[in-house]
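Data first, discussion second: the structure below is written as structure tokens.
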Amino acid sequence: MNILHVSCSPRDRASESYRLSQKIVACLLDIRPGATVKERVIGGAASLPPIDEDYAMSQHASEDVSQEGSAARSEELIRELESSDVVVIGTPMHNFTAPAALKLWIDHVVRVRKTFHVSPEGKVGMLRDRPVFVAVSSGGRFAGERARQPDFLTPYLKAILGMVGLHDLAFFTVQGTAFGPDALAEARARTDHALQEHFSSFHHPSRERSASPRSVATSP
């Protein structure tokens, strides 16, 4: 099994989203100890540059204008995605939605004639579906009874990843990280329980896996 781990936070390994996504990777490795992990860091100093003019023109043309610049970077990122069996995305929520780093990765992998094509019925995904686990951290609370802010991140990711053929999404969240150490400890404990509950439905290497990932959201 090949795991693609995409981490988006500018705080890198110190971030709550990275911590949570690493726990998901650890759960997957517990199920499949022989799995390989490809780390794709796109936050902070490793952020991707914006797409260039040729790439933007290619999205509206009948064929690619250039194979260099953003197109070459896109090819590399799409190959990583295509070769994965499972994707783990660790991301903070910024201003109620996806951070700029994650949006740039999406701009590179959501590419006409490569990961989707346009039909009379609309855009059709070209990627094989596979489990996608999304680890989200947020300073505020956007789900549950104590939610005080909207969530544009979850529906956006469901829509944009679904457009390229990725529908099997599971979300895990650590919310309220800005409310102090006690609130953070409570949120972590709740999410740890959700992870344990979710992955307990999977068999370990000695047996065949009997369940597919389902969408899970933890909320304060």
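The values are calculated or read from the model by the stated rules, or taken from the named source; none is laboratory data. Please read these numbers as outputs of a predicted model, since none were measured by experiment. Neighbour counts are summed over all protein chains in view; Cβ atoms, including those assigned to glycine, are modelled from backbone coordinates with ideal geometry.
Within the range 159-176, can you find the residues that are surrounded by fewer than 20 Cβ atoms within 10 Å (Cβ to Cβ) and β-branched (Val, Ile, Thr)?
Ile160
Filtering the range 8-19 down to residues that are surrounded by fewer than 22 Cβ atoms within 10 Å (Cβ to Cβ) and assigned to a helix (DSSP H, G or I), which residue is modelled with the highest pLDDT?
Top of the filtered list is Arg19.
For Gly43, all conditions in the list (1) under 20 Å from the mean Cα position of the chain (by Cα); (2) over 24 Å from Ala14 (Cβ atoms) hold save one; what is the number of the exception?
Status for Gly43: all satisfied but (2).
In the set Ser84, Ser119, which member is small (Gly, Ala, Ser), without any contact (Cβ under 8 Å) to a residue 12 or more places away in the chain and more than 20 Å from Ser9 (Cα to Cα)? Step through it out loud before you land on a result.
Values: Ser84 fails: without any contact (Cβ under 8 Å) to a residue 12 or more places away in the chain.
One residue alone meets the criteria, Ser119.
Within the range 1-59, count every residue that is over 17 Å from His94 (Cα atoms), without any contact (Cβ under 8 Å) to a residue 40 or more places away in the chain and among the acidic types (Asp, Glu).
4
If you take the residues of the range 35-52 that are outside any loop (DSSP other than H, G, I, E, B) and of a type in the set (Val, Ile, Thr), which of them is surrounded by the fewest Cβ atoms within 10 Å (Cβ to Cβ)? Quick ask: steps written out before the conclusion?
Filtering the range 35-52 down to residues outside any loop (DSSP other than H, G, I, E, B) leaves 36-41, 44-46.
Checking the rest, the ones that are also of a type in the set (Val, Ile, Thr) come to 36-37, 41.
Details: Thr36: 13, Val37: 16, Val41: 18.
Among them, the one singled out is Thr36.
In the range 72-90, is there at least one residue being of a type in the set (Gly, Ala, Ser) and more than 22 Å from Lys114 (Cα to Cα)?
Of all residues in the range 72-90, those of a type in the set (Gly, Ala, Ser) come to 72, 74, 83-84, 90.
Within this subset, residues satisfying the condition of being more than 22 Å from Lys114 (Cα to Cα) are 90.
Looking for residues that are of a type in the set (Gly, Ala, Ser) and more than 22 Å from Lys114 (Cα to Cα), one finds at least one in the range 72-90, hence yes.
Can you pull out the residues in the range 154-180 that are in contact with a Phe, Trp or Tyr (Cβ under 7 Å, 6 or more places away or on another chain) and either farther than 16 Å from Val6 by Cα or in a helix (DSSP H, G or I) (or both)?
Selection gives Thr154, Met163, Val164, Gln175.
Test of understanding: among Arg188, Arg148, Arg207, which residue is basic (Lys, Arg), modelled with pLDDT of 90 or more and surrounded by fewer than 13 Cβ atoms within 10 Å (Cβ to Cβ)?
Numbers: Arg188 fails: surrounded by fewer than 13 Cβ atoms within 10 Å (Cβ to Cβ); Arg207 fails: modelled with pLDDT of 90 or more.
On inspection, the qualifying residue turns out to be Arg148.
A quick yes/no check of all residues on (1) within 12 Å of the chain's Cα centre (by Cα); (2) crowded, with 16+ Cβ neighbours inside 10 Å; (3) assigned to a helix (DSSP H, G or I):
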residue: Val6; (1), (2), (3): yes, yes, no
residue: Ser21; (1), (2), (3): yes, yes, yes
residue: Ala26; (1), (2), (3): no, no, yes
residue: Pro33; (1), (2), (3): no, no, no
residue: Ser62; (1), (2), (3): no, no, no
residue: Leu77; (1), (2), (3): no, yes, yes
residue: Thr91; (1), (2), (3): yes, yes, no
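If Gly140 satisfies every condition in (1) within 26 Å of Leu4 (Cβ to Cβ); (2) surrounded by 11 or more Cβ atoms within 10 Å (Cβ to Cβ); (3) at pLDDT 95 or above but one, which is the exception?
(1)
Does any residue in the range 188-201 that is more than 14 Å from Ala135 (Cα to Cα) come within less than 7 Å, Cβ to Cβ, of a residue that is exposed (fewer than 12 other Cβ atoms within 10 Å of the Cβ) and of a type in the set (Gly, Ala, Ser) six or more places away or on a different chain, and which pairs are these?
Close Cβ pairs (under 7 Å, with a partner that is exposed (fewer than 12 other Cβ atoms within 10 Å of the Cβ) and of a type in the set (Gly, Ala, Ser)) amount to Ser201/Ala211.
Going by the conditions given, is Leu102 outside any strand (DSSP E or B), among the hydrophobic types (A, V, I, L, M, F, W, C) and farther than 24 Å from Ala178 by Cβ? Steps first, answer last, please.
On the way: outside any strand (DSSP E or B): yes; among the hydrophobic types (A, V, I, L, M, F, W, C): yes; farther than 24 Å from Ala178 by Cβ: no.
Spelling it out, it is not the case that Leu102 is outside any strand (DSSP E or B), among the hydrophobic types (A, V, I, L, M, F, W, C) and farther than 24 Å from Ala178 by Cβ.
What about Thr97, is it hydroxyl-bearing (Ser, Thr, Tyr) and within 23 Å of Ala194 (Cα to Cα)? Quick ask: steps written out before the conclusion?
Working: hydroxyl-bearing (Ser, Thr, Tyr): yes; within 23 Å of Ala194 (Cα to Cα): yes.
Answer is yes for this residue.
Yes or no: the range 126-134 includes at least one residue that is part of a loop (DSSP other than H, G, I, E, B) and modelled with pLDDT under 95.
So far as the range 126-134 goes, no, none of its residues is part of a loop (DSSP other than H, G, I, E, B) and modelled with pLDDT under 95.
Kindly provide the set of residues from the range 143-168 that are hydroxyl-bearing (Ser, Thr, Tyr) and free of Cβ contacts under 8 Å to residues at least 60 places away in the same chain, ordered by number. Before you say what the answer is, go through the steps one by one.
To start, the set of residues in the range 143-168 that are hydroxyl-bearing (Ser, Thr, Tyr) comprises 154, 156.
Across the range 143-168, the qualifying residue is only Tyr156.
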